[in-house]
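Contents: one structure, followed by commentary.
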Amino acid sequence: MDTVQKLSEESPVYWIDLPDGRSLATINLTPGERVYGERLVQRGGVEYRTWDYRRSKLASAFLSGLESSLVKPGDRVLYLGAATGTTVSHVSDIIGEEGIVYAVEFSPRMVRNLSLLANKRKNIVPILGDARYPSTYSDFVNEVDLVYEDVAQPFQAEIFVKNIKMFLARKGKAFIAIKAKSISQVEEPRKVFEEQRRVIASADITVSEEINISKYHKDHMVFICKL
Amino acid sequence: MKKILVSPLGIFGLEGATLTPLLTFENDEHAAEVLAGIRLEDPERVPLDQLKEILGEDEIQTHVPGLSRLLKSIGLEAKEVSDDEGLIAAIKGKPGLMVQAGIVASQQEYYSLLHERGLLTTGKLLQSATTGRDKLVIQAILFLDDLDKMTNLAVVRIREWYGLHFPELDRKVENHATYCRLVAFVGPRDRYDYDSFEQLNLPQSKIDQLVDLARVSSGTELKEEDWKPLRDLAKETLNLMEQRKKVEDWIDSVMSDVAPNLKALAGSLVAARLIAMAGSLEDLAKKPASKIQVLGAEKALYRSLRTGTAPPKHGVIFQIPLIGKSPWWIRGKLARFVAAKLAIAARLDAFGGEFLGDVLNQQVHDRLEELRKEFPQAPEGKKAIKVFPKGSFNAKGFSRKDQPKRHGHPGKGGKGRKRPHGKRKFKRKK
């Protein structure tokens, strides 16, 4: 059996066998550099970075059945809620040098780390900005193939819609991770997800897939959308 | 009417799908300076005069809110538009448009400039985001908590260690600093004579007790050389306590500068803690009074929202003596009032208002008097939640020993577990 296996043909996301089990991994764009304490593994002259699903909703979604072709080499990605860049770094690995990821984050403390990451990776543009107001960063951001949102905000569906309207290409896709507890502490998660879905749909955006990742992240749901 | 497109390469007029340069950036540094200036709406960083000359009197539409507000401030008719089809198409299509207009040779060049200038602009925005002195105060107040943890850990060890030699002392001397001083400057039991106590400033009766106790102690021997590491630890711990005092003083002095109104109302430490919990002074200023009232009582608040128990009356503002020491039946009413005044104070401090601390303080005191008059006694039929049992409030304030064991209270430890002296419950923001 191969020790490295591609999840799907279109996208360089891999299963990699390790002495103590197997893990998701991407090919390291900056060999030798670690981003968040992940493992670097050499296989067939290529360096892979293991991808911890507990720290990434995108990885969890892949494990829960999402096609890995959502992110492809050369893609232009708008990433809202980039934090310190854990998942961003893997997106940066996947899209490669031809792609670009605009990493928007609200907290200055987090953006500091993000900037360090972008110093080394030419396909990341760090943006200190508030995702609620996409026009404030519309000087830097251009058309994108994927809008990715993981912001844990009460109005995250509204934020999602605004950013899609402004930046998403006609044939592009969008990913939103919804945390039920940051929308309502009281309401049942199922109802919260329904409500968020309604907000998205009422803006003429189609929810094409619903992926439950609560196995890996409590009370979280992922929607894949398109225009 | 003119449409304006802002990009990392410059500011452009937009007609249909053609660009006319209004301001092209000379280099990365220039671009970052102007773009950060637009975001921060800082008129000194954006060449507004130059833009005004080129733009004339035309009505202007742009997609960047910062620019439209800046233009408005110099008397131009500018509007922020986010739903204009032409503009949206231009925003999306910047790379292509720039190549078409001959500003860059290829999209590749555009993206490479975008990366460089994005990094630089973000760097500049970060600089202005972290220059506030309130951020220094936040680090300092968090450091106070760290210091408390460190000293507590050390004191527990010292008491245990020295306790092998002099077990009776642990109960006799409750004050951590005094205990450490005894370990550091007196040491082995056979040195417990009157000369050794000279510099310690203890009352005579206490010294008598200690000397007697040392004579009859059941502890093991402690040789001079075995005492040394313990002595050094005790000295270091005393240094830490000294350090705490210094940090506290520093916070106190900086708070007069950063947030004089908040300080006047809440005292510098509670005020600093409120700022830390909100994230910054400005964040605190943007919070409603109702939120300020329960900052630090999140656990109780969310429990209340989830299960319908009574909502918390106060969070960290409980530590304001005025609130913490007033009778329980008016404490909630007072907390609500104080929180409202704190919200005003925070806004004054954050947005450069005058000093009204003494006025606000007076209002709070008046309100307290009013409440005392209106509710002189505990309401009948309602049972006091026994936060502090009868007799807790004597002339010396309340004593820790009087606190009941089984009540979660902000800043006072959780269910039934008594927190070590000085340790506060305080969650760091992520």
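Structure data summary
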read-out: Helices (runs of 4 or more DSSP H) completely within the range B:1-80 that count 2 or more residues being touching an Asp or Glu at 6+ places or on another chain (Cβ under 9 Å) and open to solvent by 50 Å² or more (accessible area, probe 1.4 Å); value: B:65-73
read-out: Single condition B:A154 does not satisfy, out of (1) in contact with an Asp or Glu (Cβ under 7 Å, 6 or more places away or on another chain); (2) of a type outside the set (S, T, N, Q); (3) open to solvent by less than 50 Å² (accessible area, probe 1.4 Å); value: (1)
read-out: Residue identified as touching a helix residue (DSSP H, G or I) at 6+ places or on another chain (Cβ under 8 Å), under 23 Å from B:G353 (Cβ atoms) and open to solvent by 50 Å² or more (accessible area, probe 1.4 Å) among B:S256, B:S280; value: B:S256
read-out: Pairs with Cβ under 7 Å, 6+ apart, first in the range B:102-128 and at the interface with chain A (Cβ under 8 Å from one of its Cβ atoms) and under 17 Å from A:V104 (Cα atoms), second among the basic types (K, R) and in a loop (DSSP other than H, G, I, E, B); value: B:H115/A:K122
read-out: Members of the range B:306-324 that are loosely packed, with under 11 Cβ neighbours inside 10 Å and touching a residue at least 24 places away in the same chain (Cβ under 8 Å); value: none
read-out: Residue within the range A:178-197 that is under 15 Å from the mean Cα position of the chain (by Cα), under 24 Å from A:D52 (Cβ atoms) and in the same structural domain as A:L80 (by TED's automatic domain parsing) present; value: yes
read-out: Failed criterion for B:R159 (all others in (1) in contact (Cβ under 8 Å) with a residue 40 or more places away in the chain; (2) open to solvent by 20 Å² or more (accessible area, probe 1.4 Å) hold); value: (1)
read-out: The range A:164-176, residues that are within 13 Å of chain B (Cβ to nearest Cβ) and touching a Ser or Thr at 6+ places or on another chain (Cβ under 9 Å); value: A:K165, A:M166, A:F167
read-out: Complete set of residues in the range B:98-110 that are of a type in the set (A, V, I, L, M), assigned to a helix (DSSP H, G or I) and farther than 24 Å from B:G37 by Cα; value: B:V99
read-out: From B:L5, B:L22, B:L40, residue being within 13 Å of chain A (Cβ to nearest Cβ) and closer than 21 Å to B:P95 by Cα; value: B:L5
read-out: Residue satisfying all of: in the range B:81-91; open to solvent by less than 40 Å² (accessible area, probe 1.4 Å) and in a helix (DSSP H, G or I); farthest from the other protein chains (Cβ to nearest Cβ) among these; value: B:G86
read-out: Subset of the range B:99-139 (residues that are among the aliphatic types (A, V, I, L, M) and closer than 30 Å to A:R112 by Cα); value: B:V104, B:L113, B:L114, B:L119, B:L120, B:L125, B:L126, B:A129, B:L136, B:V137, B:I138
read-out: Selection count where residues are open to solvent by 60 Å² or more (accessible area, probe 1.4 Å) and at negative phi, scope the range A:28-42; value: 5
read-out: Residue match in the range A:177-194 (condition: crowded, with 16+ Cβ neighbours inside 10 Å, within 14 Å of another protein chain (Cβ to nearest Cβ) and not in a helix (DSSP H, G or I)); value: yes
read-out: Qualifying residue in the range B:145-156 (condition: in contact with a helix residue (DSSP H, G or I) (Cβ under 9 Å, 6 or more places away or on another chain), of a type in the set (A, V, I, L, M, F, W, C) and more than 25 Å from B:Y192 (Cα to Cα)); value: yes
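Quick grid of which residues meet (1) at pLDDT below 90; (2) closer than 30 Å to A:E97 by Cβ; (3) among the hydroxyl-bearing types (S, T, Y):
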residue	(1), (2), (3)
B:A17	yes, yes, no
B:D28	no, yes, no
B:A36	no, yes, no
B:P65	no, no, no
B:L70	no, no, no
B:I88	no, yes, no
B:L97	no, yes, no
B:A105	no, yes, no
B:E116	no, yes, no
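The values are calculated or read from the model by the stated rules, or taken from the named source; none is laboratory data. Note that the coordinates shown come from a computational prediction; the quantities given were computed from them, not determined experimentally. Virtual Cβ from ideal backbone geometry, glycine too; neighbours counted across all protein chains shown. Protein only, heavy atoms only, side chains kept; ligands, DNA and RNA dropped before computing areas. Shrake-Rupley method; radii C 1.70, N 1.55, O 1.52, S 1.80 Å.
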